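Engineer: Dropping a structure here in structure tokens format, bear with me for questions.
The values are calculated or read from the model by the stated rules, or taken from the named source; none is laboratory data. Keep in mind it's a predicted model, so treat the numbers as computed, not measured. Here the Cβ is made from the backbone with ideal geometry for all residues, glycine too, and neighbour counts use every protein chain on show. Just so you know, the surface numbers come from the protein's heavy atoms only, side chains and all, with ligands and any DNA or RNA stripped out. Shrake-Rupley method; radii C 1.70, N 1.55, O 1.52, S 1.80 Å.
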Amino acid sequence: MLSSFLIHDVEHALAEYEGGSVTIERILSCGGGCINHAAKLLTSTGRSYFLKWNHDAPPTFFIREMEGLRELRACGVLRVPEAIAASDTTEQTPAWLLLEDVTAPTPGNERAAQTQFSETLGRGLALIHQRHASQFGFHADNFIGSTPQPNPWCGSWLEFFREWRLGHIIRLLTGQGRLSPNQIKLSTRFLNKLDELLSAVVEPPSLLHGDLWGGNVMSDANGSPTLIDPAVYYGHREADLAMTELFGGFDARFYAAYREAYPLDTEYRDRRDIYNLYHILNHALLFGSSYLLQAERIMRHYVG
């Protein structure tokens, strides 16, 4: 499953991490999502790790994910897998990312009651969102799924979201010939109306997970919520909350705990679908034009 070259590189990274020789003794295949391959690695030191790899990954794909994980982990609030090492594709190996195995039990920690999971996640996300920056964006571009996600620093949320979220994804769809002339006109009208639709947003830039659907939250071995597969940037926190509602998987206890820790503006629901439009259009880019009908309905709702 793993080439000898990849095993050699990963063992070298593990030796540097653990401070001594490490051999991979068993490789257990795991689900890697829609894009990547994944496996659990059992080693000679008794520790286990999680490895993701992708033969077709664009340059910096896993390096940017590693940086995003480290940015979230630095908050020290919710559990985030430690990113140990990452590499781009070489002549001999695919791109790969090596992580701690959060499914390995942590000695001394009792498994949390399931009823506490949602509350812990809600409060923890609220605290992450209270980590602010002076501008919107991030120090490097990254990826949302396999789609390039530009993150230039901007002083205005309206400018950032219009140009580098919706505008960017619409330009990609247009460049691939995926939008009809009427859809292009509708998109232009919608982008022009964002001045009005987002005029009330005054909050400072918050650290966002960036791809916060239910599949990117898991339970570790002790029952604690764990964030994975981020597409981080500093943005309006409502964008993270909106995505939690796009595909479901987050219950009322999660939202109540979040609001108690960091109350939301009363106009959040008016803006929720605007933020989810970015992800719906990205799904149209990645998975097919059926998502464009959903995007059209949202845009027409706002522009008439």
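Engineer: Looking at the stretch 125-139 only, could you name the residues that are out of contact with any strand residue (DSSP E or B) (no Cβ under 8 Å at 6 or more places or on another chain) and loosely packed, with under 15 Cβ neighbours inside 10 Å?
Structural biologist: Going residue by residue through the stretch 125-139, those that are out of contact with any strand residue (DSSP E or B) (no Cβ under 8 Å at 6 or more places or on another chain) are 125-127, 134, 139.
Matches in the stretch 125-139: Ser134, His139.
Engineer: Related question: For Leu158, state whether it is modelled with pLDDT of 95 or more, in contact with a Leu (Cβ under 6 Å, 6 or more places away or on another chain), in a helix (DSSP H, G or I) and hydrophobic (A, V, I, L, M, F, W, C). Steps first, please.
Structural biologist: On the way: modelled with pLDDT of 95 or more: yes; in contact with a Leu (Cβ under 6 Å, 6 or more places away or on another chain): yes; in a helix (DSSP H, G or I): yes; hydrophobic (A, V, I, L, M, F, W, C): yes.
When the stated conditions are applied, Leu158 passes them.
Engineer: Sticking with this one: Tally the residues that are within 29 Å of the chain's Cα centre (by Cα) and either without any contact (Cβ under 8 Å) to a residue 40 or more places away in the chain or farther than 18 Å from Pro81 by Cα (or both), restricting the search to the stretch 42-51.
Structural biologist: As a first pass, look at the stretch 42-51 and keep what is within 29 Å of the chain's Cα centre (by Cα): 42-43, 47-51.
Add one more test, that the residue is either without any contact (Cβ under 8 Å) to a residue 40 or more places away in the chain or farther than 18 Å from Pro81 by Cα (or both), and what stays is 42-43.
Total meeting the criteria: 2.
Engineer: Pick from Gln135, Gln176, Gln116: which is of a type in the set (S, T, N, Q), out of contact with any helix residue (DSSP H, G or I) (no Cβ under 7 Å at 6 or more places or on another chain) and within 20 Å of Thr244 (Cα to Cα)? Spell out how you get there, then give the answer.
Structural biologist: Working: Gln135 fails: within 20 Å of Thr244 (Cα to Cα); Gln176 fails: within 20 Å of Thr244 (Cα to Cα).
Answer to the selection: Gln116.
Engineer: OK, next. Only strands (runs of 3 or more DSSP E) wholly contained in the stretch 20-98 count here; list those with 2 or more residues that are touching a Phe, Trp or Tyr at 6+ places or on another chain (Cβ under 7 Å) and open to solvent by 20 Å² or more (accessible area, probe 1.4 Å). It would help to see each step written out before you state the result.
Structural biologist: Working: elements: 24-30, 37-43, 48-54, 83-87.
Result: 37-43, 83-87.
Engineer: Here's a follow-up. Only one of these is at positive phi and open to solvent by less than 10 Å² (accessible area, probe 1.4 Å): Gly210, Gly177. Name it.
Structural biologist: On the way: Gly177 fails: open to solvent by less than 10 Å² (accessible area, probe 1.4 Å).
Exactly one of Gly210, Gly177 is at positive phi and open to solvent by less than 10 Å² (accessible area, probe 1.4 Å), namely Gly210.
Yes or no, residue by residue, for (1) acidic (Asp, Glu); (2) under 16 Å from the mean Cα position of the chain (by Cα); (3) more than 27 Å from Val77 (Cβ to Cβ); (4) modelled with pLDDT of 95 or more:
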{"residue": "His209", "(1), (2), (3), (4)": "no, yes, no, yes"}
{"residue": "Gly235", "(1), (2), (3), (4)": "no, yes, no, yes"}
{"residue": "Asp240", "(1), (2), (3), (4)": "yes, yes, no, yes"}
{"residue": "Phe254", "(1), (2), (3), (4)": "no, no, no, yes"}
{"residue": "Asp270", "(1), (2), (3), (4)": "yes, no, yes, yes"}
{"residue": "His283", "(1), (2), (3), (4)": "no, yes, yes, yes"}
{"residue": "Gly304", "(1), (2), (3), (4)": "no, no, yes, no"}
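Engineer: I need the full set of residues from the stretch 214-239 which are touching a strand residue (DSSP E or B) at 6+ places or on another chain (Cβ under 7 Å), open to solvent by 10 Å² or more (accessible area, probe 1.4 Å) and among the polar types (S, T, N, Q), in order please.
Structural biologist: Ser219, Ser224
Engineer: May I ask you to say which residue of Ala113, Ala85 is modelled with pLDDT under 95 and of a type in the set (A, V, I, L, M)? Quick ask: steps written out before the conclusion?
Structural biologist: Values: Ala85 fails: modelled with pLDDT under 95.
Checking each option against the conditions leaves just Ala113.
Engineer: If only one of Ala242, Ala284, Ala261, Ala257 is open to solvent by 10 Å² or more (accessible area, probe 1.4 Å) and either within 20 Å of Leu207 (Cα to Cα) or not acidic (Asp, Glu) (or both), which one is it? Break it down stepwise before answering.
Structural biologist: Numbers: Ala242 fails: open to solvent by 10 Å² or more (accessible area, probe 1.4 Å); Ala284 fails: open to solvent by 10 Å² or more (accessible area, probe 1.4 Å); Ala257 fails: open to solvent by 10 Å² or more (accessible area, probe 1.4 Å).
Every option except Ala261 fails the conditions.
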